[in-house]
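Just below is one structure, and these are the notes that go with it.
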Amino acid sequence: MFLEALRKVTGTLPSAPPAKRTAKVLNIASGKGGTGKSVVASNLAVLRAQAGERVCLIDFDAGMANAHLLLGLVPKYDLGHVLDGQVSAGFALVDGPAGIKLLSGGVGRAALQNPTPRELDRLFASLAQLEAAFDLIIVDHGAGMGVATVAHIAAAQSLLLVTTHEVTALSDAYALYKHALSVAPDLRTGVVMNRAPDEATARGAWERFEGVARRHVGRVPEYVGRIPLDEAVLRSVQARVPVALREPHSTAGESLRTVARWDAIDMPTKASRAFYESARRALR
Ligand SMILES: Nc1ncnc2c1ncn2[C@@H]1O[C@H](COP(=O)(O)OP(=O)(O)OP(=O)(O)O)[C@@H](O)[C@H]1O
Ligand SMILES: [Mg+2]
């Protein structure tokens, strides 16, 4: 009984290697909601796991989580339980497809939608224990620049921005890019143009984005690729199995594989400091 309670808060993690290592962390964000972050995050997680990495997906769309739905999982615990101190981050993980682990975001939890810096600090301290147990942590953020997203970006080496070609999504993506560079000037930012009906539409939208960024920020992000509007994605959402597993040779499946090879994902965390330690400093 006591041991079970102890295990809950100290956590059970996949066998950590003896040497001290820290996971790479990939943040996936967008300005506007509904651009496809969770679809991209869940597919990148399974693709990188298939390539042999120990991958943890954290659904930081706290309070409005849905990554578990895309993966067909019913998590018992989520970030809210970790925030409350009921369980450790390691204990809250659930097994997902292709060997990934998911830390779910929790649905309808008010505390998670508007966490105070103090609460986030506690949560980040708990998430830090995941870094030694994984090769890659993928963080699926909520839309926009909430406190948690800003702190993650400030600590990050890379950021994947998911947008559509629509003018509203592009404009919000640009605002996020600008804000991101203000908290992390060395950030490598990649843009994924999702749901564009054809390559010309995607390219046209990218060129507009690039032009505005060049003129107003003096820098441009990297074009990581287009994921086409593909019914295979809709079928996979319905089936609750990532498209990269269910229909790997669909056009969306193939382009997600290209995105998974973006070399900025492989950059190690910032010199000398573990990721969540930097994120905690960013909260101060
Ligand atoms: N390439 C695509 N082709 C077809 N449909 C897509 C594609 N990408 C995403 N969708 C559809 O868009 C929906 C929303 O995607 P997703 O949940 O990933 O967006 P999100 O950015 O995470 O949203 P939120 O801001 O609410 O977190 C999916 O459920 C799916 O139906
Ligand atoms: Mg989402």
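Odds and ends about this structure:
- Only one of Leu79, Leu83 that is crowded, with 24+ Cβ neighbours inside 10 Å and either of a type in the set (S, T, N, Q) or away from ligand 1 (no atom under 14 Å from the Cβ) (or both): Leu79
- Set side by side, the residues Val259, Val241 differ, and just one is among the hydrophobic types (A, V, I, L, M, F, W, C) and in a helix (DSSP H, G or I), which is Val259.
- Every residue from the stretch 164-181 that is touching a strand residue (DSSP E or B) at 6+ places or on another chain (Cβ under 9 Å) and of a type in the set (Gly, Ala, Ser): Ala169, Ala173, Ala180
- The set of residues in the stretch 213-229 being crowded, with 16+ Cβ neighbours inside 10 Å and out of contact with any Gly (no Cβ under 8 Å at 6 or more places or on another chain) consists of Ala213, Val220, Gly225, Arg226, Pro228, Leu229.
- Filter result (part of a strand (DSSP E or B), in contact with a Gly (Cβ under 8 Å, 6 or more places away or on another chain) and more than 16 Å from ligand 1 (Cβ to nearest atom)) within the stretch 131-167: Ser158
- In the stretch 121-141, the residues that are in contact with a Ser or Thr (Cβ under 7 Å, 6 or more places away or on another chain) and surrounded by fewer than 24 Cβ atoms within 10 Å (Cβ to Cβ): Ser126, Gln129, Glu131, Ala132
- Cβ-Cβ under 6 Å pairs, at least 6 apart or on other chains, the stretch 253-268 side within 20 Å of Val233 (Cα to Cα), far side among the polar types (S, T, N, Q): Leu256/Asn43
- Among the candidates Ala128, Ala98, residue that is on the phi > 0 side of the Ramachandran plot and either within 16 Å of ligand 1 (Cβ to nearest atom) or part of a helix (DSSP H, G or I) (or both): Ala98
- Every pair of residues 6+ apart whose Cβ atoms lie under 6 Å, when the first sits in the stretch 179-194 and is within 13 Å of Glu222 (Cβ to Cβ) and in a strand (DSSP E or B) while the second is of a type in the set (Asp, Glu) and at pLDDT 95 or above: Gly190/Glu222
- Some residue of the stretch 249-267 being buried (at least 21 other Cβ atoms within 10 Å of the Cβ), farther than 29 Å from Glu131 by Cα and in contact with a Leu (Cβ under 8 Å, 6 or more places away or on another chain): no
- Look at the stretch 65-83: where a residue is among the acidic types (Asp, Glu) and a partner is within 15 Å of ligand 1 (Cβ to nearest atom), sitting 6+ places away or on another chain with Cβ atoms under 7 Å, you get Asp78/Ala65; Asp78/Ser104; Asp78/Gly105; Asp78/Gly106.
- Tabulated pairs, the stretch 230-250, first at positive phi, second of a type in the set (A, V, I, L, M, F, W, C) and more than 10 Å from ligand 1 (Cβ to nearest atom), C-beta under 8 angstrom, 6+ apart or interchain: Arg240/Leu71
- Note on the stretch 30-73: residues that are near ligand 2 (Cβ under 10 Å from one of its atoms), among the hydrophobic types (A, V, I, L, M, F, W, C), part of a strand (DSSP E or B) and crowded, with 19+ Cβ neighbours inside 10 Å total 1.
- Filter result for Asp172 (buried (at least 21 other Cβ atoms within 10 Å of the Cβ) and of a type in the set (Asp, Glu)): yes
Conditions (1) closer than 18 Å to Ile28 by Cβ; (2) out of contact with any helix residue (DSSP H, G or I) (no Cβ under 9 Å at 6 or more places or on another chain), marked per residue:
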| site | (1), (2) |
| --- | --- |
| Gly52 | no, yes |
| Ile58 | yes, no |
| Lys76 | no, no |
| Gly85 | no, no |
| Lys101 | yes, no |
| Arg109 | no, no |
| Leu120 | no, no |
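The values are calculated or read from the model by the stated rules, or taken from the named source; none is laboratory data. These numbers were taken from a predicted model, which means no experiment stands behind them. Cβ: placed from backbone, ideal geometry, glycine included. Neighbour counts: every protein chain shown.
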